[in-house]
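Step one of this worksheet: look at the structure below.
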Amino acid sequence: MAGSRMQLELSRVVQGRSRLGVLKGLDRTGQHSLEIPGCLLYTHFGTVPHLTQDTLHTLISLPSVTQITLSHIAEHQEVLEEFKDGFRKFAGLHDTVLYCSLHDPATHSPTGYTTNKTVSVWGSGGRIELTVAKFMALQKTVQPDWYQSMCDGETWQNSASRKRVRKSVDRTLAHLDECLLVHQKSKELEGVEVFGVVEGGDILEERVRSARETAKRPVAGFCLDGLQTGSMDQTLRTQLITAMIKELPEDKPRLLHGVGRPDEVLACVEAGVDLFESFFPFLATERGCALSFGFDISTDPERAGRAPPAVLELNEEKATAGESQQNGDLNRHDQTQMTPFEMNLKEKRYQDDFRPLVEGCGCYCCKNHQRAYLHHLLVTNELLAGVLLMIHNTAHYHGFFGALREALATDKLDVLKKRVLGDGGLQRERKE
């Protein structure tokens, strides 16, 4: 395999771990780049849920990388093969980089269906079993710019034994070697990058072994898998990430699967993670919730007024929404549960609240509608509720990542953490 086209240029490393920079050479044209720390654009079959392409592109500062998943695509393999021109053209996507992962991070996948030679994905029609040959045939059909290698990622549950975890690491390395062998011989995948997957459950030694062995392979970057929200508390997650990163080269990106909560994102960036999946706004939207956490690190009022959409303080709103935030368990929780970073607009108290979702937010929803209107749309099950919430939540979440990069550039990460975590409120809840 030829040398990787993808290049990571770091401008700062804060406290030895948090990395600020630009990932270049993302596609075969070499025209796209992505700032880190950053996130990918989450989609269902190439479309951001609830939003048309025209509506999506009314938002500013969208990521240049679109994430698609084989769990949505695999059942349509024959159609895509007949189409022949790749998924990007099939889905009507323009001017974006395609990253193809195995599973949808917002959907729970049943476990217990992995063998030495296969993994399973779950589409709308049920389970689809993938061998390396079928997995690579799908990649040739999709024609992404980068893709996650096939892996055995079923060891994130607490019940996984040491033997099972060791087997998952061995299988994942074997799958990677087979994928690379097919990739090297494929003209269709010429110029496409492969991300190796690091597994190991919650066992430190296996995490280190997986990272060390994966780093020996000719991959462009690394997917840190099996650390998703709900699988472990953040202290253990940070410990495992720190150990893995010591085994990985500094000049290649690290993408974390399954983590999207703002508090966990901050902790993982401090541990050395570069990239995340942006499924969290979708989960909040499905709950009928609006993201409402603050992340303004500006001390100049005039400058704060020109900040990106939704970069603002919401301490007062957090105080009034305290009763809703009690639903958020900060250690281990089901991803379907409401978190302290959002407001539940289905609650009756919003029926006569005529403020925007977030004061000062520049998104279409906040500039044109009030909380009371969103409440009405939600309780009457109008489809427009999902559209407006997704517009706001997407803008707010990507605004948070912009503030995170600014905080790293200006030595204000501690200030940002206080804004996001509510001046220590979330840390106190975690200890309790």
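The values are calculated or read from the model by the stated rules, or taken from the named source; none is laboratory data. Quick caveat: nothing in here was measured; it's all calculated off a predicted structure. Please note: Cβ atoms are built from the backbone with ideal geometry, for glycine as well, and neighbour counts cover all protein chains shown. Ligands, DNA and RNA are stripped out before the accessible areas are found, and what is left, the full protein with its side chains, is counted by its heavy atoms. Shrake-Rupley method; radii C 1.70, N 1.55, O 1.52, S 1.80 Å.
Just a few scattered comments:
- For residue 109, the criteria (1) touching a residue at least 40 places away in the same chain (Cβ under 8 Å); (2) under 22 Å from residue 228 (Cα atoms); (3) out of contact with any Lys or Arg (no Cβ under 8 Å at 6 or more places or on another chain) hold in every case but one, which is (1).
- Residue list for region 5-35, restricted to those being more than 22 Å from the chain's Cα centre (by Cα) and at pLDDT below 90: 5, 15, 16, 28, 29, 30, 31
- Residue list for region 8-47, restricted to those being in a strand (DSSP E or B), touching a residue at least 60 places away in the same chain (Cβ under 8 Å) and surrounded by fewer than 16 Cβ atoms within 10 Å (Cβ to Cβ): 10, 11, 12, 14
- Taken over region 232-248, the residue count meeting the criterion of being open to solvent by 40 Å² or more (accessible area, probe 1.4 Å) and closer than 21 Å to residue 193 by Cβ is 1.
- Residue satisfying all of: in region 390-418; among the polar types (S, T, N, Q) and touching a helix residue (DSSP H, G or I) at 6+ places or on another chain (Cβ under 7 Å); surrounded by the most Cβ atoms within 10 Å (Cβ to Cβ) among these: 393
- Counting only residues that are at pLDDT below 95, polar (S, T, N, Q) and touching a strand residue (DSSP E or B) at 6+ places or on another chain (Cβ under 8 Å), region 95-117 holds 4 of them.
- Residue in region 163-173 that is of a type in the set (S, T, N, Q) and either open to solvent by 20 Å² or more (accessible area, probe 1.4 Å) or over 25 Å from residue 68 (Cα atoms) (or both) present: no
Conditions tested, residue by residue: (1) of a type in the set (D, E, K, R); (2) buried (at least 17 other Cβ atoms within 10 Å of the Cβ).
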{"position": "63", "(1), (2)": "no, yes"}
{"position": "77", "(1), (2)": "no, no"}
{"position": "87", "(1), (2)": "no, yes"}
{"position": "95", "(1), (2)": "yes, no"}
{"position": "117", "(1), (2)": "yes, no"}
{"position": "141", "(1), (2)": "no, yes"}
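- Checking every residue in region 82-102 against the condition of being under 26 Å from residue 337 (Cβ atoms) and either assigned to a strand (DSSP E or B) or free of Cβ contacts under 8 Å to residues at least 24 places away in the same chain (or both) gives at least one match.
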